[in-house]
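Trainee: Please find one structure pasted underneath; my questions will follow.
No value in this document is a laboratory result; all are computed from the given coordinates. It should be emphasised that the depicted structure is a prediction, and the values quoted were computed from it without experimental measurement. Using ideal geometry, Cβ is built from the backbone for each residue, glycine included, and neighbour counts are taken over all protein chains shown.
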Amino acid sequence: MVDSMQSSEHWAALAARHNAVAGRPITALFADGGRPEAFSATLDDPATGPMLLDYSRCNIDTETRDLLVALAEATGMEERREAMFTGKRINETENRAVLHTALRNLDEEAQILVDGADVMPGLRATLARMESFARDLREGRIRGVGGRIGDVVNIGIGGSDLGPAMAVQALRPFHDGPRVHFVSNVDPAHIHDTLEDLNPETTLIIVASKTFTTLETMANAHVARDWMARVLRDPVRQFVALSSALDRTAEFGIDPARVFGFEDWVGGRYSVWGPIGLSLMIAIGPENFRAFLAGAAAMDRHFRTAPAAQNMPVMLALTGIWHRQICGHASRAVVPYDQRLARLPAYLQQLEMESNGKRVAMDGSDLEMPSGPVVWGEPGTNGQHAFFQLIHQGTEAVPCEFLLAARGHEPLLEAQHRMLIASCLAQAEALMAGRSLKQARAMLRAHGIKGRALDRQARHRVFPGNRPSTLLLYPQLTPATLGAILALYEHRVFVEGVILGINSFDQWGVELGKELAGQLLPVLEGEADTGTCDPATRQAIAFLRDSG
Ligand code: F6P
């Protein structure tokens, strides 16, 4: 149970702690020695190998960490965590359980009850069907009218796109199946440019939509069906659906044997572990997909059992709470020094911002503190040549979350991987240590600059430092480590949501724009007038009509 009185005392204690330590240099915390180990959490599971989350470069000392952990405990995090894993209806605004963790539970003996019924046999059966489908497709037993399937197009958006699209890119070294493409945007350019180079006779279309009503996905699915109809007598012969809405997939004409369903207790942004991951399974194969699930399951076990200060998701969440709600940093940057994780920031934008971007607490009251931060980012080193100027010398601090593998997949290019490592570690060090005016002046003097020129130049060369970052290290980007990384972030979002007292599993904030778009379509089609639109919308419509 959440004890709000108690937790408000904890918030107050943390605010006081912040006032006391805000000006302190983070570097000073390292004076005693032993800090990197004491302010890191590790996971060492046979599935993933060792993983390390180092949060020692944040302005968090033992006292602050104790206060943060006490806050998490006071808000009932541990009870809520068990409630999630055991199938309780913790998504209260939609009256649903939250069981994406069950999708990756590979324990053949596990039982998880929802309203008294064990959900595991159904999940195992669906996984087995997906595996048999993926094998048949990859090994050429399921064929297109033109022969072996060479291309797969996943049509979906949000959680029905971002997870598989990100993971397919991340696991490129493991691809040994057909090419996989992703179409999400309703902008016709997206489907046009994707289908343009493909042969319908050897292409499989996956329509991924939990609801099977999403405007973008259904519009693109119809375009794909028409494209197939140009050459195939049965235009949906090479269609697969991933959906909870079996009546709608049937209405679209998709063979029930080619439909992979999932329950309403799998949220869209948490759905890559089940049928929505089919495109990934096709690309990397069922064994690698199981390794992906096993990596996530390893993080689940760690999250459920490790003490708070050594618990990776709990500590990542507590650094998040410290930076956003206590220190007031409005955004956080996710910077993977891993090019194949280029889509991770976009994936995390949905995961974090759709989950925790809320101004009303679970009980309907106003949130008394800021909601989750803006999440953004790009892979390093590219980001260094774009936005790092602001991160180092802008007026606002932006906490950075770095991700880095010990080794890449290119044995002949190890020297280049070392450059990547050096760049990542250098950024974390530079953000924390900065460069003082004295150091800047000495540096300029060493370059022969003196007098008024030196005075003028020196301040531009100062780095204030004391800018926090975390570092997540893993052996190599593999299906298992990727699974663990994603589960780490999912659970971080969960812990932050519990501490804020919000429901991380609904997304009512996406509804209004969808409704208004539905009302505007008849206006654009000339079937309704612009009378109900606001004046700015009327002007935009007039411009678009005149210039279209
Ligand atoms: O618009 C938000 C959203 O509902 C996401 O939560 C979801 O991942 C996405 O749309 C796609 O929904 P569906 O899988 O039902 O097409």
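Trainee: Taking the Cβ of ILE155 as the centre, find all other residues whose Cβ is under 12 Å away and add up their charges (Lys, Arg: +1; Asp, Glu: -1).
Mentor: Counting the neighbours of ILE155, the net charge comes to -1.
Trainee: Treating only the Cβ of Lys, Arg, Asp and Glu as charged (+1, +1, -1, -1), what charge dipole size does the chain show about its Cα centre? Round to the nearest 20 debye.
Mentor: That gives a dipole near 2260 debye.
Trainee: Could I ask something else about it? Tell me which residues come under 5 Å, amide H to amide H, from ILE149 once H is placed; ignore anything under 5 positions away on its chain.
Mentor: Sorted by chain and number, the residues that satisfy this are GLY144.
Trainee: Further question on the same structure: Could you tell me how many degrees, from 0 to 90 and to the nearest 10, lie between the Cα long axis of helix 511-524 and the main elongation axis, the longest principal axis, of the Cα atoms of the chain?
Mentor: Between helix and principal axis, roughly 50 degrees.
Trainee: Another question, if that's okay. In terms of the Cα gyration tensor, with a ≥ b ≥ c the square roots of its eigenvalues, is the stretch 357-503 rounded because a/c is under 1.5, prolate because a/b exceeds b/c, or oblate?
Mentor: Because a/c hits 1.5 or more and a/b fails to exceed b/c, the stretch 357-503 counts as oblate.
Trainee: How do MET299, MET419, MET281, MET432 rank when sorted from fewest to most other Cβ atoms within 10 Å of their own Cβ?
Mentor: Exposure proxy ranking, most exposed first: MET419, MET432, MET281, MET299.
Trainee: Distance from the Cα centre of the stretch 278-310 to that of the stretch 531-548, in angstrom?
Mentor: 49 Å
Trainee: Same structure again: So, in Å, what gap is there between the alpha-carbon centers of the stretch 467-495 and the stretch 174-205?
Mentor: The two parts, judged by their Cα centres, are 29 Å apart.
Trainee: Mind jotting down the distance between the C-alpha centroids of the stretch 64-126 and the stretch 328-355, whole Å?
Mentor: 24 Å
Trainee: Expressed as an acute angle from 0 to 90° and rounded to the nearest 10, what is the orientation of the C-alpha long axis of helix 312-321 relative to the principal long axis of the chain?
Mentor: That works out to roughly 70 degrees.
Trainee: Mind listing the long-range amide H neighbours of ALA208? Cut-off is under 5 Å, sequence gap 5 or more, other chains count too, H placed in the peptide plane at 1.01 Å from N.
Mentor: Close amide H contacts, sequence-distant or interchain: ILE155, GLY156, LEU242.
Trainee: Pick out, from ALA165, PHE252, MET228, the residue whose Cα sits farthest towards the positive end of the charge dipole of the stretch 105-289, with +1 on the Cβ of Lys and Arg and -1 on the Cβ of Asp and Glu.
Mentor: MET228
Trainee: Rounded, prolate or oblate: which fits the chain, taking a ≥ b ≥ c as square roots of the Cα gyration tensor eigenvalues, rounded meaning a/c under 1.5, else prolate when a/b beats b/c?
Mentor: prolate
Trainee: To the nearest 500 deg cm²/dmol, what mean residue ellipticity at 222 nm is calculated for the chain from DSSP H runs of n ≥ 4 alone, each contributing -39,500 (n - 2.57), summed and divided by the residues?
Mentor: -13500 deg cm²/dmol
Trainee: Which ordering of ILE449, ILE284, ILE157, ILE60 is given by a fewest-first count of other beta-carbon atoms within 10 Å?
Mentor: ILE449, ILE157, ILE60, ILE284
Trainee: Then there's this: Quick check: from the Cα gyration tensor, does the stretch 334-399 come out rounded (a/c under 1.5), prolate or oblate?
Mentor: oblate
Trainee: Please rank LYS438, LYS88, fewest neighbouring Cβ atoms within 10 Å first, as an exposure proxy.
Mentor: By the 10 Å Cβ count, ascending, the order reads LYS438, LYS88.
Trainee: Sort the following peptides by mean Cβ neighbour count (other Cβ atoms within 10 Å, averaged over residues), highest first: 452-460, 350-358, 309-317.
Mentor: 309-317, 350-358, 452-460
Trainee: Please list 3J(HN,Hα) in residue order for the stretch 76-87, calculated via the Karplus relation 6.51 cos²θ - 1.76 cosθ + 1.60 where θ = phi - 60°; whole Hz, with x for glycine and proline.
Mentor: So the Karplus estimates, Gly and Pro as x, are x, 4, 5, 5, 5, 4, 5, 4, 5, 5, 9, x Hz.
Trainee: Please determine, in degrees from 0 to 90 and to the nearest 10, the orientation of helix 215-229 with respect to the longest principal axis defined by the Cα atoms of the chain, where the helix direction is its Cα long axis.
Mentor: The angle comes out at about 40 degrees.
Trainee: When the chain is fully extended, how far beyond the present Cα-Cα distance does ASP234 get from ALA528, taking 0.36 nm per residue of separation?
Mentor: Net length gain for the segment: 102.2 nm.
Trainee: Set Lys and Arg Cβ to +1 and Asp and Glu Cβ to -1, take the dipole of the chain about its Cα centre, and tell me which of THR101, PRO313, ASN91 lies farthest positive.
Mentor: Of the listed residues, the answer is PRO313.
Trainee: Select from PHE239, ILE284, TRP265 the residue farthest towards the positive end of the dipole of the stretch 188-303; place +1 on Cβ of Lys and Arg, -1 on Cβ of Asp and Glu, and compute about the Cα centre.
Mentor: TRP265
Trainee: Dipole of the stretch 422-504, Cα-centred, from +1 at each Lys and Arg C-beta and -1 at each Asp and Glu C-beta, to the nearest 20 debye?
Mentor: Around 980 debye, computed over the stretch 422-504.
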